[in-house]
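Read through the structure below, which is laid out as structure tokens, and then see the notes.
The values are calculated or read from the model by the stated rules, or taken from the named source; none is laboratory data. Owing to the predicted nature of the structure, the values given are computational and were not obtained by experimental measurement. Cβ: placed from backbone, ideal geometry, glycine included. Neighbour counts: every protein chain shown.
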Amino acid sequence: MTNPNTIANEEIFTDRETEELNASTPRPIDERLQKTIDKALYANGNPVAQKIRNFLNGTWLGEPLHAVLTDVPIGAWTVAVAFDALDLIGQGDDFARAADTSIAIGLAGAAGAALTGITDWSDVDPPARRTGFLHALLNIGATALFTTSLVLRKRKERDSGRVASALGYALMSYSAHLGGSMVYEHQVGVDRTAGQKFPEEFVAVLPESKLVDETPTRAVHAGVPILLVRHAGRLFAMGERCSHFSGPLSEGKLEGNSIVCPYHASRFSLEDGRVINGPAVHPQPCLEVRVRDGQIEVRKTPTAAGH
């Protein structure tokens with residue numbers, strides 16, 4: 001007969017071997033860089049650092065700020081390339097000056113896009129993390145080429161400047177393609193609660209006796225998870241999957257009248273689902289909740305009509 005203690009020891013030994021192997025295996029550069037950036041940005045929970053993160057994530061805007069700022073370099077550098085083409089076939093210096101000015105505007109916008117992009121990327125999970133890393137490298141290359149182009153133009157080497165701009169524009173275009181892949185394929189920056197169907201009328205989702213005070217609890221209706229919380233004698237209900245990266249809010253931590261996601265520490269108000277702290281930018285859909293005949297019932301509220 002096999003000794004169960006031997007099996008347990010073998011399992012422990014195997015686990016230890018696995019841990020040692022994982023510890024000795026070099027981490028990918030994108031993972032190491034992300035951890036370093038993440039540590040710097042969170043700054044051990046410093047409230048000032050959190051406010052800066054909220055601003056850079058776009059929590060105040062309700063949309064990713066990075067997506068807004070990327071339009072500046074893309075638009076400005078597209079115009080610059082167009083002005084260069086007009087300068088080649090036109091007369092006078094107006095088109096040349098317009099191209100130079102457009103490149104400068106694009107460089108200013110690229111700085112803001114880079115800062116917000118790095119902040120968003122620090123919370124991205126694989127495989128989107130690797131795509132985002134390549135996206136960033138291409139953007140750095142494009143920015144360097146447009147910077148070089150502007151310097152060459154100031155030195156009256158306009159032909160070389162146009163070539164540098166064209167190369168920069170090619171890199172930027174492919175980088176934009178990867179950015180689109182992150183959004184549409186990996187769902188980075190999108191509302192992960194969009195499309196969830198909540199009941200139009202009150203339906204029972206959990207016996208009241210099973211809801212423990214001050215304990216986030218998961219219920220399910222028609223395959224859609226719902227978060228239930230009884231805090232300070234009040235009942236709250238909202239979508240259980242975090243709008244940022246679908247983290248299970250029922251495994252999160254209560255902080256006053258708010259719930260903190262266990263994945264990336266996004267914090268949502270239990271009252272109305274608004275984002276208190278990012279990286280999430282989209283609010284959680286809240287539900288009307290009541291107790292009837294010993295059952296907790298929920299239904300969609302008007303504010304959740306888009307979900």
With the first residue restricted to region 40-59 and required to be without any contact (Cβ under 8 Å) to a residue 40 or more places away in the chain, and the second required to be surrounded by fewer than 14 Cβ atoms within 10 Å (Cβ to Cβ), Cβ contacts under 8 Å at 6 or more apart or on different chains are A49/A43
Checked region 124-167 for anything touching an Asp or Glu at 6+ places or on another chain (Cβ under 7 Å) and under 20 Å from T70 (Cα atoms); matches are R129, R130, F133, L150, S165
Residues of region 60-79 being more than 25 Å from Y174 (Cα to Cα) and free of Cβ contacts under 8 Å to residues at least 40 places away in the same chain, in sequence order, are W60
Residue pairs within 7 Å by beta carbon, gap of at least six or interchain, first lying in region 258-286 and closer than 24 Å to P199 by Cβ, second surrounded by fewer than 22 Cβ atoms within 10 Å (Cβ to Cβ) and hydroxyl-bearing (S, T, Y), listed first then second, are F268/S258; S269/S258; L270/S258; C286/T301; C286/T303
Heads up, the strands (runs of 3 or more DSSP E) in region 257-301 (entirely inside) with at least 1 residues that are out of contact with any Asp or Glu (no Cβ under 9 Å at 6 or more places or on another chain) and farther than 15 Å from T59 by Cα are 258-260, 286-292
Those residues of region 82-121 which are part of a helix (DSSP H, G or I), farther than 17 Å from A164 by Cβ and of a type in the set (D, E, K, R) amount to D94, R97, D120
- Item | Residue match in region 277-286 (condition: surrounded by 17 or more Cβ atoms within 10 Å (Cβ to Cβ) and over 28 Å from V48 (Cα atoms)) | yes
Those residues of region 63-81 that are farther than 15 Å from G161 by Cβ and in a helix (DSSP H, G or I) come to a total of 13
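Yes/no matrix, rows are residues, columns are (1) among the aromatic types (F, W, Y); (2) modelled with pLDDT of 95 or more; (3) closer than 15 Å to P279 by Cβ; (4) not assigned by TED's automatic domain parsing to the domain that holds A166:
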site: N3; (1), (2), (3), (4): no, no, no, yes
site: T18; (1), (2), (3), (4): no, no, no, yes
site: R27; (1), (2), (3), (4): no, no, no, yes
site: R32; (1), (2), (3), (4): no, no, no, yes
site: A43; (1), (2), (3), (4): no, no, yes, yes
site: N46; (1), (2), (3), (4): no, no, no, yes
site: P73; (1), (2), (3), (4): no, yes, no, no
Selection from region 78-117 of residues touching a helix residue (DSSP H, G or I) at 6+ places or on another chain (Cβ under 6 Å), closer than 30 Å to F245 by Cβ and crowded, with 18+ Cβ neighbours inside 10 Å yields G109, A110, A113, T116, G117
Checking F236, F202, F245 in turn, the sole residue that is touching a residue at least 12 places away in the same chain (Cβ under 8 Å) and touching a His at 6+ places or on another chain (Cβ under 8 Å) turns out to be F245
Please indicate, with yes or no, whether at least one residue in region 50-59 is of a type in the set (A, V, I, L, M), in a helix (DSSP H, G or I), exposed (fewer than 13 other Cβ atoms within 10 Å of the Cβ) and outside the structural domain of L178 (by TED's automatic domain parsing). no
